[in-house]
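Enquirer: If you scroll down you'll find the structure; I have some questions about it.
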Amino acid sequence: MTATPPPAQPTGYTPAPAAKTNTLAIVGLILAFVVSLGGLIVSLIALNQIKQTGEGGRGLALAGVIISAIGLVIGVLYIIFAVILVGTAGTTGY
């Protein structure tokens, strides 16, 4: 009679590899703070790529879109305010 060895202990599970972060999502977020229009364009491209490939970085791309949009709105309002201010100063003689 030979004794059978005990079964091997399970080694646990191997975690799934993390999804690769889309590089354009990172670039779009950085550009959102520097050049809003560029950040918006790059972030939208990144969102499209993420949807097609399943990469990570969707939150970064969304943040890039939101920050770029806010920056563009503030820039447009600033230009409108500056034009009104210059126009008013020109007609009042100051």
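The values are calculated or read from the model by the stated rules, or taken from the named source; none is laboratory data. This is a predicted model, so every value here is computed, not measured. Don't worry about glycine lacking a Cβ; one is built from the backbone with ideal geometry, like all the others, and counts go over all protein chains shown.
Enquirer: In segment 7-42, how many are under 13 Å from Leu62 (Cβ atoms) and in contact with a Ser or Thr (Cβ under 6 Å, 6 or more places away or on another chain)?
Expert: Residues in segment 7-42 being under 13 Å from Leu62 (Cβ atoms) and in contact with a Ser or Thr (Cβ under 6 Å, 6 or more places away or on another chain): 4 in total.
Enquirer: Which of the residues that make up segment 72-93 are exposed (fewer than 11 other Cβ atoms within 10 Å of the Cβ) and within 23 Å of Leu24 (Cα to Cα)?
Expert: Selection gives nothing.
Enquirer: State all residues of segment 24-37 that are buried (at least 16 other Cβ atoms within 10 Å of the Cβ) and under 20 Å from Val73 (Cα atoms); if no residue qualifies, say none.
Expert: Selection gives Gly28, Leu29, Leu31, Ala32, Ser36.
Enquirer: Okay, next question. Determine if segment 49-71 includes at least one residue that is more than 17 Å from Ala19 (Cβ to Cβ), modelled with pLDDT under 95 and either of a type in the set (Val, Ile, Thr) or surrounded by 11 or more Cβ atoms within 10 Å (Cβ to Cβ) (or both).
Expert: no
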